[in-house]
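The block underneath contains the structure these notes are about, expressed in structure tokens.
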Amino acid sequence: MNWKNEEGYRELFNAYYNVLCNYAFKILKNDMDAEDVVIEVFVHFWSNKESINIEEGKLKSYLFSSVKNKAFGLIRSGKIRETHEQHYSDILKAKSDDSSLNEDLFLFREALKRSVRQLSPKSKEVYLLRTQNGLTFEEIADKLGINRRTAENHMAAAVKKLRLLVKDTLKLFEQ
């Protein structure tokens, strides 16, 4: 993706805006501040596109690092309530080696959440009952008034579709 032209930038923005807002929210604990930080990063990114040189495969890290730095700058400036000071110091204590893994895990979780929304209603219901509630297929079948084999088939279909959807979504973030 060539993010230095308008179409590529729009594609980049659409691919990363929501996950970056969620990432900023985890730091700032405020939706409006999180959105402001992400918008500022994207505006800076576009305004300075000619002078920004990013190695291939480092775009995702650049965006996440920019959002993190901007969010911490907001905290340091005192514009964020003092209740975030402990949260801020805990994050700073985290090893920098873990940041790439944390970003990847965060992206995977977001991709999975988005993908679950695309499942058929029955497959989604079976998947959530199994994964979030820990119900057995027998319990799911009883709860939904279907037979056990049907519940298993819905789960298999859900897992198969989720693998494809998550794989496709994560391809966007490998840049």
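Checking each residue in the stretch 95-125 for being of a type in the set (Gly, Ala, Ser), part of a helix (DSSP H, G or I) and modelled with pLDDT under 75 picks out Ser99, Ser100, Ala111.
Can you find a residue in the stretch 16-30 that is of a type in the set (Lys, Arg), at pLDDT below 85 and over 16 Å from the mean Cα position of the chain (by Cα)? No, the stretch 16-30 contains no residue that is of a type in the set (Lys, Arg), at pLDDT below 85 and over 16 Å from the mean Cα position of the chain (by Cα).
For the stretch 27-44, the condition of being closer than 27 Å to Lys113 by Cα, touching a residue at least 60 places away in the same chain (Cβ under 8 Å) and touching a helix residue (DSSP H, G or I) at 6+ places or on another chain (Cβ under 8 Å) holds for at least one residue.
Close contacts from the stretch 51-67, counting a first residue that is touching a residue at least 12 places away in the same chain (Cβ under 8 Å) and a second that is aromatic (Phe, Trp, Tyr) and assigned to a helix (DSSP H, G or I), with Cβ to Cβ under 8 Å and a gap of 6+ residues or different chains, come to Lys60/Tyr16; Leu63/Tyr16; Leu63/Phe45; Phe64/Tyr23; Ser66/Phe45; Val67/Tyr23. In this structure, does Glu82 turn out to be of a type outside the set (Ser, Thr, Tyr) and either surrounded by 18 or more Cβ atoms within 10 Å (Cβ to Cβ) or modelled with pLDDT of 85 or more (or both)? Taking the combined requirement at face value, the residue does not satisfy it.
Here's the yes/no breakdown for (1) among the β-branched types (Val, Ile, Thr); (2) at positive phi; (3) crowded, with 17+ Cβ neighbours inside 10 Å; (4) part of a helix (DSSP H, G or I):
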{"site": "Val19", "(1), (2), (3), (4)": "yes, no, yes, yes"}
{"site": "Ile27", "(1), (2), (3), (4)": "yes, no, yes, yes"}
{"site": "Asp33", "(1), (2), (3), (4)": "no, no, yes, yes"}
{"site": "Val37", "(1), (2), (3), (4)": "yes, no, yes, yes"}
{"site": "His44", "(1), (2), (3), (4)": "no, no, no, yes"}
{"site": "Leu63", "(1), (2), (3), (4)": "no, no, yes, yes"}
{"site": "Lys70", "(1), (2), (3), (4)": "no, no, yes, yes"}
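The combined condition, being in contact (Cβ under 8 Å) with a residue 24 or more places away in the chain, of a type in the set (Asp, Glu) and either in the same structural domain as Phe64 (by TED's automatic domain parsing) or in a helix (DSSP H, G or I) (or both), is not fulfilled by Glu138.
The values are calculated or read from the model by the stated rules, or taken from the named source; none is laboratory data. Computed from a predicted model, the values in this text were never measured in an experiment. Every residue, glycine as well, gets a Cβ built from its backbone with ideal geometry; the counts of neighbours run over all protein chains shown.
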